[in-house]
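Okay, so here's the structure we're looking at.
Here, each number is a calculation from the coordinates, and none is a lab measurement. Model, not experiment: these values are computed from the prediction. Please note: Cβ atoms are built from the backbone with ideal geometry, for glycine as well, and neighbour counts cover all protein chains shown.
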Amino acid sequence: MEGGAIESRNWSLFDRFFPNRLEWARWKYAGFLLLFFCIFAAIPYTVSNHIAAWRGVSVGNIEIWLDREIPFTSWAIIFYIAYYIYIPVVAWIGAASHRREEALVFFQRFIGLTWGVFVIFIILPVEVTLRDQVVFEPGFFGWFMTDLHAADPPFNSWPSLHVFQSFMMLLVVRAWFMNEDKWPMALAVIAWVTTALIWFSTVGIKQHYLFDIVSGLAVTAIAWHYWIRFAIIQTKH
């Protein structure tokens, strides 16, 4: 696919309130993207999940036999946490002077899709009932799992946000770098393996079902193909 132009405008409110944003230092623009995500995605996530937990309703059971055959894997916590590094990294990459408007369009649609997932959490909640398999080991791993369970009620089952968002962020970085011939095999392998380990971590620490991974991948693939990629950049593959 040959190079082209952005096919979507940024929200007009950004031009009204931040007319000089393209002149900002890179760290400031990256912080702007990160704050935009935190306010409009991270905070609403907490609200939607607690609403689902408050209702205490599960619309069905999507557990399969393989979900319980996968052993609790304490080291997978490392990759579950690694997901949170992706967001500032993508914000920093997107804050490069030649990518800023593309990055803002991406974050707008990325957050819009995330809100769609929140709606699923609220109207079609499914409780994850695998936490009885968690082993609370002494030290960091046990401490993290205790805090995770306290902060994250088990009603944000499908599609997995960790899977959907990490996959989407990988795809946009891949598109940007491939468009500039900056996607060597070594970087591609590291990025794909790390992201796949994030997906595994969701079932490895018993936060999600396998169906949540599949549905998260499906949401990303469909949204990227039909709504995201043509809105931000015409990449060459």
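Points worth noting:
- Here segment 89-207 is assigned +1 on the Cβ of each Lys and Arg and -1 on the Cβ of each Asp and Glu. Its dipole about the Cα centre then comes out at about 240 debye.
- Scaled against the 2.2 N^0.38 Å expected of a compact globular protein of N residues, the Cα radius of gyration of the chain reads 1.06.
- Helix 26-37 vs. the chain, principal-axis angle (Cα, 0 to 90°, nearest 10): 50 degrees
- Ranked Arg174, Arg55, criterion: other C-beta atoms within 10 Å, fewest first: Arg55, Arg174
- Mean separation of Cα contacts under 8 Å (6+ apart) over length of the chain, as relative contact order %: 36 percent
- Helix-derived mean residue ellipticity, 222 nm - over the chain, DSSP H n ≥ 4, -39500 (n - 2.57), to 500: -20000 deg cm²/dmol
- Computing FRET efficiency as 1/(1 + (r/R0)^6) for Arg21 and Trp65, where r is the C-beta to C-beta distance and R0 is 45 Å, gives about 0.30.
- Candidates Ser74, Ser166, Ser157: whichever shows maximal mean-square fluctuation once the chain is modelled as a Gaussian network with Cα springs under 10 Å: Ser74
- Dipole magnitude for segment 12-232: computed about the Cα centre from +1 point charges on Lys and Arg Cβ and -1 point charges on Asp and Glu Cβ, it is near 620 debye.
- Lys/Arg +1, Asp/Glu -1 at C-beta; the chain dipole; positive extreme among His149, Val173, Ser160: Val173
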